[in-house]
Amino acid sequence: MTVEKILLEFDPKPKNILPVLKKINAGFGYVSEKDAQKVADYFLLPLSKIYENASFYDLIKTKRQPPLVIQVCSGANCAVKSAYGVISEIENYLHIKAGDDFNPKVKLEVISCLGQCGSGPVVIVNGNVFTKVTPSSVDDILRNYV
Amino acid sequence: MEKEIKIITKNWGQINPNQIADYIAVGGYISLEKFIKEMTPALALEEIKLSGLCGRGGAGFPTGMKLESVQKEKSKEKYFICNLDESEPGTYKDRSIVDCDPHMLLEGIIIEALIVGACKAFIYVNGNYQKQIAILERVVGQAQEKNFLGEKILGSKYNLEIEIFVGAGAYICGEETALINSIEGNRGEPKLRPPFPTQVGLFGKPTAVNNAETIANIPWIIARGGKKYATIGSKKSPGTKLFIINGSVKNPAVFEAPLGTKLSTLIDEYAGGVQKGKEFWFAQVGGSSGRLVLKKDLNMKLEYDREAKVSLGSGAILVIDKTVDIHELLLSWMSFFRRESCGKCVPCREGTFRLWEIAKRLQDGEISERDVIAIKDILWTLNNTTFCPLGKFAATAFGDAINNFQKEIYRLSK
């Protein structure tokens, strides 16, 4: 799969910018500046126009992601069920800090609500969703990934 | 008052949401047929105005007025958008509608789009709702096969096309001008109003944006009449509402109750009361952007009312007991708004960031005299100077907490 092939699936209309960026992100894990330039050329728009879109949304990344990405929901419903306990447990377990963008191996992200509020706290590891996580179950979940 | 009245949840758990035949068997798409065969768009609009239905997304703007202003626009090209970009923490009502009765939502979208004379309808779905996107795609396909959608719907002159537009996880895109920006391929930032989207909306054409829950009421109103709808619930805002009750209650779930129901009734009767061994502290009404309700105010009625002290918002109710650490809640609210502030205006971008920093210091117990003064300044700035309501939302819960729980927050000795 190449960026060119993805681009040819869409008409160069403004409403397709976001779908294109999402598809590139799904295929390559992130949208690089080079890829964004190709999108800009295809849509006949300046690079800034494409890049301002790519950098705005949570679900589109503009940087290569590490092989292990852990996301923890910290919405109010998860927070009252000790999501912050889970976060600090993960920080201790992997010796990282939440929000650190420069670790090449692992990233711990604090994210917003995913609409799973009935079964919080919610943890997502490389796209796999775990619900009702407690600080003591962090070890069980992460053991398979480290 | 009828207590057992159900409008949105009447088919939940009764039918298979994946089968269009099941929905038709319980009287589905009858409203659409009635609209096409017996009514004109003007007549149907009259019914919706009679019903007094107001927007369920949070602001509570009368739906009839919004549709009317789009209907009377002379443009040939108009759009209708169903706002399903639900990302308020603690809110999952729209997701539940799609899970349990997607065809009812679709029927509402078709009817409303035809009322305003739209040639195309969009469903803007939260990018995190992968399962719901698949459901919606299947449902739209089924409706097309039965000719409820597409060209010459049910042999009439109406044409309608529906497109599902998947968002990419931005809270601010639930605001209608930001949502329109997002579909147009711009950064999802809010636009200055006027011009209102009802005149200059998507691609510069008149556009009506409605919340998914609002739309789900439409088939009922068309089938049974606006007058009957107006008798349900409170006078100021008739109808029923989905309440999402969560936190320290026995049965956390989505409930449908008439508007005007007391908060204490919702917590005690619908959700089974506070969990055993826990003591009620306060409740937050309307998701993370909602106000805090103390024990003494539990008797308040929940309805859409401009003068009400507590706005209902999305209908999410979070019950908090005394074991919860208020600092974690403060940090949760502020980290949410800091992440979701779009960065367009300085007061919101900087204000949410600084409050988040202060919330972190509060949690670590490193608060200084300077921070206490700064909190007041920042809250005032957020409340009064931000471009869109997000700044105000960010200040609401934090301000309420600072006003009511000074002792707990600043760890003062009692």
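The values are calculated or read from the model by the stated rules, or taken from the named source; none is laboratory data. Because the structure is predicted, anything quoted here is derived from the model rather than measured. All Cβ positions, glycine included, derive from the backbone under ideal geometry; neighbour counts span all protein chains shown.
Worth pointing out:
- Filtered by the rule that a residue be assigned to a loop (DSSP other than H, G, I, E, B), within 22 Å of B:GLN130 (Cα to Cα), more than 14 Å from chain B (Cβ to nearest Cβ) and touching a helix residue (DSSP H, G or I) at 6+ places or on another chain (Cβ under 8 Å), the stretch A:1-56 gives a lone residue, A:GLU9.
Table: residues versus (1) acidic (Asp, Glu); (2) within 15 Å of B:PHE148 (Cβ to Cβ).
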| residue | (1), (2) |
| --- | --- |
| B:PRO62 | no, no |
| B:LEU67 | no, no |
| B:GLU73 | yes, no |
| B:GLY90 | no, no |
| B:ASP94 | yes, no |
| B:ASP99 | yes, no |
| B:MET104 | no, yes |
| B:ILE111 | no, yes |
| B:LEU114 | no, yes |
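- Some residue of the stretch B:36-47 being under 29 Å from B:ALA253 (Cα atoms) and polar (S, T, N, Q): no
- Scan of the stretch B:188-207 for residues that are among the charged types (D, E, K, R) and either touching a Gly at 6+ places or on another chain (Cβ under 9 Å) or part of a helix (DSSP H, G or I) (or both), ordered by number: B:GLU189
- Exactly one residue out of B:THR240, B:THR265, B:THR261 is free of Cβ contacts under 8 Å to residues at least 24 places away in the same chain and of a type in the set (S, T, N, Q), and it is B:THR265.
- Every test in (1) under 22 Å from the mean Cα position of the chain (by Cα); (2) in a loop (DSSP other than H, G, I, E, B) is passed by B:ASN147 save one, and that test is (1).
- Test: residue in the stretch B:99-120 that is in contact with a helix residue (DSSP H, G or I) (Cβ under 8 Å, 6 or more places away or on another chain), surrounded by 24 or more Cβ atoms within 10 Å (Cβ to Cβ) and either more than 19 Å from B:ILE218 (Cα to Cα) or not assigned by TED's automatic domain parsing to the domain that holds B:PHE165 (or both): no
- For the stretch B:259-306, a residue qualifies if it is under 23 Å from the mean Cα position of the chain (by Cα) and either assigned by TED's automatic domain parsing to the domain that holds B:ARG338 or of a type in the set (A, V, I, L, M) (or both), and the qualifying residues are B:LEU259, B:LEU263, B:LEU266, B:ILE267, B:ALA271, B:ALA283, B:VAL285, B:LEU292, B:VAL293, B:LEU298, B:MET300, B:LEU302.
- A:SER82 vs. criteria over 20 Å from the mean Cα position of the chain (by Cα) and at positive phi: yes
- Test: residue in the stretch A:105-127 that is closer than 15 Å to B:ASN128 by Cβ, modelled with pLDDT under 90 and loosely packed, with under 15 Cβ neighbours inside 10 Å: yes
- Positions within the stretch B:128-144 being touching a residue at least 40 places away in the same chain (Cβ under 8 Å) and surrounded by fewer than 21 Cβ atoms within 10 Å (Cβ to Cβ), in sequence order: B:ILE135, B:ARG138, B:GLN142
- Among the residues listed as B:GLY239, B:GLY174, the single one being surrounded by 23 or more Cβ atoms within 10 Å (Cβ to Cβ), within 14 Å of chain A (Cβ to nearest Cβ) and among the small types (Gly, Ala, Ser): B:GLY174
- Only one of B:LYS392, B:LYS309, B:LYS344, B:LYS376 that is out of contact with any strand residue (DSSP E or B) (no Cβ under 7 Å at 6 or more places or on another chain) and in the same structural domain as B:TYR270 (by TED's automatic domain parsing): B:LYS309
- Any chance B:LEU114 is modelled with pLDDT of 95 or more, over 19 Å from B:LYS76 (Cα atoms) and more than 14 Å from every other protein chain (Cβ to nearest Cβ): no
- The set of residues in the stretch B:209-236 that are in a helix (DSSP H, G or I) and surrounded by fewer than 18 Cβ atoms within 10 Å (Cβ to Cβ) comprises B:ALA223, B:ARG224, B:LYS227, B:LYS228, B:ALA230.
- Meets criteria (more than 8 Å from chain B (Cβ to nearest Cβ), free of Cβ contacts under 8 Å to residues at least 24 places away in the same chain and not hydrophobic (A, V, I, L, M, F, W, C)) for A:THR62: no
- Test for B:ILE164: is it among the aliphatic types (A, V, I, L, M), surrounded by fewer than 19 Cβ atoms within 10 Å (Cβ to Cβ), over 25 Å from B:PRO389 (Cβ atoms) and more than 9 Å from chain A (Cβ to nearest Cβ): yes
- Residues considered: B:TRP333, B:TRP356. Of these, the only one that is more than 10 Å from every other protein chain (Cβ to nearest Cβ), part of a helix (DSSP H, G or I) and in contact with a helix residue (DSSP H, G or I) (Cβ under 8 Å, 6 or more places away or on another chain) is B:TRP356.
- Of the candidates A:LEU7, A:LEU44, the single residue that is surrounded by fewer than 17 Cβ atoms within 10 Å (Cβ to Cβ) and of a type in the set (A, V, I, L, M) is A:LEU44.
- When the stretch B:340-353 is filtered for residues that are at the interface with another protein chain (Cβ under 10 Å from one of its Cβ atoms) and either without any contact (Cβ under 8 Å) to a residue 60 or more places away in the chain or at positive phi (or both), only B:GLY343 remains.
- Only one of B:VAL209, B:VAL249 that is within 14 Å of chain A (Cβ to nearest Cβ) and either in contact (Cβ under 8 Å) with a residue 60 or more places away in the chain or within 29 Å of B:TYR79 (Cβ to Cβ) (or both): B:VAL249
- Going through (1) assigned to a helix (DSSP H, G or I); (2) farther than 23 Å from A:ILE111 by Cα; (3) touching a strand residue (DSSP E or B) at 6+ places or on another chain (Cβ under 6 Å) one by one, B:ILE123 falls short only on (1).
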